[in-house]
Amino acid sequence: MKRIFSGVQPTGNLHLGNYLGAIRNWVRLQADFDDCLFCVVDLHAITVWQEPDALRANTRETAAAMIAAGVDSARNIIFNQSQVTAHAELAWIFNCVARLGWLERMTQFKEKAGKDKARASVGLYAYPNLMAADILAYKGTHVPVGEDQKQHLELARDIAAKFNHDYGTEFFPIVEPLIFGAATRVMSLKDGAKKMSKSDPSDNSRINMTDSIDDIAKKIRKARTDPEPLPGDIKGLEDRPEAANLVGIYAALEDTTADEVLERFDGEGFGAFKPALADLAVEKLSPIQDEMRRLMDAPDHIDQVLRTGAEKAAALAAPVMAEVQELVGFLKP
Ligand code: TYM
């Protein structure tokens, strides 16, 4: 059986990287998989402080973005993580399976915790175990994500393998990451060495899904580049990370390859390329934004989608959790 699971944190500032690296790929995959679960991971969000009202609003906004981008809420399961208790329950069991040494290698924790590790929450450290639980509570097999989640998915594979080994079973599948498209790692518009991120203090570093048309155009106009004209193929963009990023974004938005884009813009400067990119971004994003606004005006509908999704998700997780409890040796309730 093939089953997709993926998630987005409702931490605000949902951006073009989240769309091109993940959500858009979900829309494509939903046709090929019978079961797809798309989760607003609010338990993950609180590993760093979230204002409760902002968390509620961001949870709805993230769900609205998924639906507006084309995730079919009738065919698939869209829900928020905290409504299904299996996530937290299985995460605890995985806290006892994963080894401290494995978590110590996680680069995202190092980046997020910064220099003062002692002040980071325990949840932030154990975050990848919860992520493994998200997927495996449904015996998810395929996980479409951006490049930055690769290491976490390797850990999910290690956890599944260790659980299977320790309990002498083949119970959990070994998950397959699905990382594809021309923009698996969208970089900051201000620094080609940093990924585009919800938490970057500079709003000009990212294109938010809620940015106005004017802001999108302005941010692209102000994006860092270099004075060279564009080359005829991708090899010419080695050592030009900002230029490569903008070309990658263009290719992803147009659903083509960077080489195809460069063939067209060969020899052009950014004075010509940036307005073309801004037009393309607006053309592709504004229908999604209109739909997001429409959905956000009807929060009851979003809440209903999330509730229905949570009921379906809980029904899928229940037999998995019953078997996990049996394997681990917990008495039946
Ligand atoms: P999050 O909320 O940081 O990001 C959501 C998705 O967007 C992708 N992404 C990017 N892709 C390309 N370029 C970027 N600059 C960029 N930034 C983010 C991420 O790779 C992700 O696919 N831990 C996850 C959420 C999660 C999850 C899961 C994912 C929790 N449980 C289970 C898959 C399966 C996260 O923080 O994503």
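The values are calculated or read from the model by the stated rules, or taken from the named source; none is laboratory data. Just so it is clear, the structure is predicted and the values come from calculations on it, not from any experiment. In this analysis, Cβ positions are derived from the backbone assuming ideal geometry, glycine residues included, and neighbour counts consider all displayed protein chains. Surface areas here come from the heavy atoms of the whole protein model, side chains and all, with no ligands, DNA or RNA. Shrake-Rupley method; radii C 1.70, N 1.55, O 1.52, S 1.80 Å.
Report the net charge of residues surrounding residue 152, where surrounding means a beta-carbon distance below 12 angstrom and charges are Lys +1, Arg +1, Asp -1, Glu -1.
Net of charged neighbours comes to -2.
Roughly speaking, to the nearest percent, how much of the chain's 1.4 Å accessible area is carbon and sulfur?
For the chain, the apolar C and S fraction of the accessible surface comes to 52 percent.
Going 7 Å from the Cα of residue 108 in the Cα-to-Cβ direction, what parts of segment 178-206 have a backbone nitrogen less than 16 Å from that spot?
178-180, 184-186, 195-200
Apply the a/c threshold of 1.5 to the C-alpha gyration tensor of segment 1-154 and tell me whether it is rounded, prolate or oblate.
prolate
Could you state the per residue volume, in Å³, of the convex hull enclosing the Cα atoms of segment 1-73?
Numbers: hull volume 6.4 nm³, N = 73.
Convex hull of Cα atoms, per residue: 88 Å³.
At a probe radius of 1.4 Å, what is the per-residue accessible area of residue 224, in Å² to the nearest 10?
Roughly 120 Å² of residue 224 is accessible to a 1.4 Å probe.
Within segment 214-242, list the residues whose amide N lies under 20 Å from a label point set 7 Å along Cα→Cβ of residue 57.
Under 20 Å, as judged by backbone N against the label point of residue 57, lie 215-216 of segment 214-242.
Could you calculate, for segment 125-269, the ratio of the Cα radius of gyration to the Kirkwood radius, expressed as Rg to Rh?
1.10
Calculate the spin-label point distance for residue 331 paired with residue 318, positioning each point 7 Å from the Cα along the beta-carbon direction, and give it in nanometres.
My value for the distance between the label points is 2.3 nm.
Give me the extension gain from residue 256 to residue 151: residue separation times 0.36 nm, minus the current Cα-Cα distance, reported in nm with one decimal. Display every interim value, and only then the final one.
On the way: separation 105, 0.36 × 105 = 37.80 nm, distance 2.69 nm.
That works out to 35.1 nm of additional length.
Of all chymotrypsin sites (Phe, Trp or Tyr not before Pro) in segment 229-333, which ones are in loop regions per DSSP and have a Cβ with at most 13 other Cβ atoms within 10 Å?
330
Can you tell me the accessible area per residue over the chain, all protein chains present, probe 1.4 angstrom, in square angstrom?
Ligands and nucleic acids excluded, the result is 46 Å² per residue.
Could you give me D for the chain, from Stokes-Einstein at 20 °C and 1.002 mPa s, where the hydrodynamic radius is the Kirkwood radius over C-alpha pairs? Units µm² s⁻¹, please.
103
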